[in-house]
Structures are given as structure tokens and as C-alpha cells.
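For reference, the structure discussed in these notes is given below.
The values are calculated or read from the model by the stated rules, or taken from the named source; none is laboratory data. Quick caveat: nothing in here was measured; it's all calculated off a predicted structure. Cβ atoms come from the backbone with ideal geometry, glycine included; neighbour counts cover every protein chain shown.
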Amino acid sequence: MLLRTALASVLLLLGGWAAASWLTYGFQAWTDEGARRLEVALHPVTAPPITVQGPGLTGSLPALLGEDGGVTIVDFIYTHCETVCLTLGSSFQQLQAALQADLAAGHDTKLRLLSISFDGARDDPTALQAYAQGLRADPALWRFVRVPDVGEQQALLRALGVVVIPDGRGDYEHNAALLLFDSRGRMVRIFDLAEQQLAFNYARHLARGPR
């Protein structure tokens, strides 16, 4: 009886270990977000062929991401946000300063920044232009766009795993991260806001290409 109980306990432990290993990609990710980031690193996600619009530009998102064969760090924002978007804006200001320092040193890494608004109804090109000016964004390095078509916007958010929940008062709850796209328009990495420098270093290395 004791032997059977011990054997059953061992089998339960093995079953739990196997399930945990499968659910966490071999114990590499213990949260949904961690699993999402690992999945993207293993299987890059191609940006859907949707139309984006911003100050002085209208075109497909993949074409914008692949422009000049460069690499793009992307965030998702809305201009009326008074919480996490302020942190994202500050982070991108610092990334822009780092890019400007590279350019001043004679190094164009072909790395650019792109902020995508998920509040397409309010964030028209005029609103995005004013927002960009408030952040002192250099349009050669940091651009702002919206997805004017609601269906395409939802398709983009789903494809990239961006969670946006209206709060019923005109604002949104949303996750925040730095999304890294390669020159083929594929999301290849996701970084936390706290990993800003890591994101920049990785993006700069990717933009320089093989040596």
C-alpha cells in the first residue's frame, strides 16, 4: 500500500513537472507575457499589410517598417493618455537622444522610432503632429501614425498581442512595451520599458547587420 502511494506521488510529480515544462517553454517563461516574448523571439511576427496615416505620410505599415532597410522600435500610445504613455514618451525621447548622438558621431545605424496610436478616431494627423511637437520629436528619427480603419487597427493589435481595453470614460487600459521590428517588417523581440537600454543596444546591433 505504501509502495503504491509512493508510486502515485512520483507519477503526480512527474506529471506536474511535464505540464509546467510545457506551459513555460521548458521553464523559460512563467507568465503569459513572458511566454509571448519567448514565442516572438522564436517565431517572429510579420506586421499585417494595413494602412497607416500620420503627419505627412500615408502608406502600408510593412513598407514603413522596411524603409531604407532599417530597424524600428515601436510603441503603442494615444495622445490623451496621462499615465503609461507619458513614460513611453520619455523613453522614446531618450532613445531619440541616443540616435542623435550616433548621428553626431558619424554613425547612422538605420534605426528609427515609430509610435502608433490605437485611438484612431481622435488621433488624426493634426493631433499626432501636435503631440510629436510637444515631445520635440525629430520626424527624421521618430514618426507618429494611426490606423484609420477600425478593423485593420484591431487586426494589428491582435497580431502583435497588444492589449487595449476602453475604460468607458474615453481612456484605455493597455500594456506597454518596446517592440522591435527588423527590415523585413517582422516583430523579432519585445522588451520591457525598464529594458530600454537593452532594446536600444539590440536594435542598433541588428540594424548594423552582419560584419
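What do you reckon, is Val84 assigned by TED's automatic domain parsing to the domain that holds Asp119, at pLDDT 95 or above and under 24 Å from Val162 (Cβ atoms)? No; evaluated as a whole, the condition is false for this residue.
Within the set of pairs 6+ apart or on separate chains, which have a first residue in the range 64-81 that is of a type in the set (Gly, Ala, Ser), a second that is outside any loop (DSSP other than H, G, I, E, B), and C-beta atoms under 9 Å apart? Within 9 Å, the pairs are Gly66/Thr72; Gly66/Phe181; Gly69/Ala207; Gly70/Leu111; Gly70/Arg112; Gly70/Ala207. Once the range 66-106 is narrowed to residues that are over 30 Å from Gly170 (Cβ atoms) and among the acidic types (Asp, Glu), the residue that is farthest from the chain's Cα centre (by Cα) is Asp102.
The C-beta contact set for the range 124-146 (first residue on the phi > 0 side of the Ramachandran plot, second residue in a helix (DSSP H, G or I) and at pLDDT 95 or above, distance under 8 angstrom, 6+ apart or interchain) comprises Arg136/Gln93.
Each row is one residue, and each column tells you yes or no for (1) surrounded by fewer than 16 Cβ atoms within 10 Å (Cβ to Cβ); (2) out of contact with any Leu (no Cβ under 7 Å at 6 or more places or on another chain).
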position	(1), (2)
Leu57	yes, yes
Leu65	no, yes
Gly70	no, no
Ala101	yes, yes
His107	yes, yes
Ile116	no, yes
Ala121	yes, yes
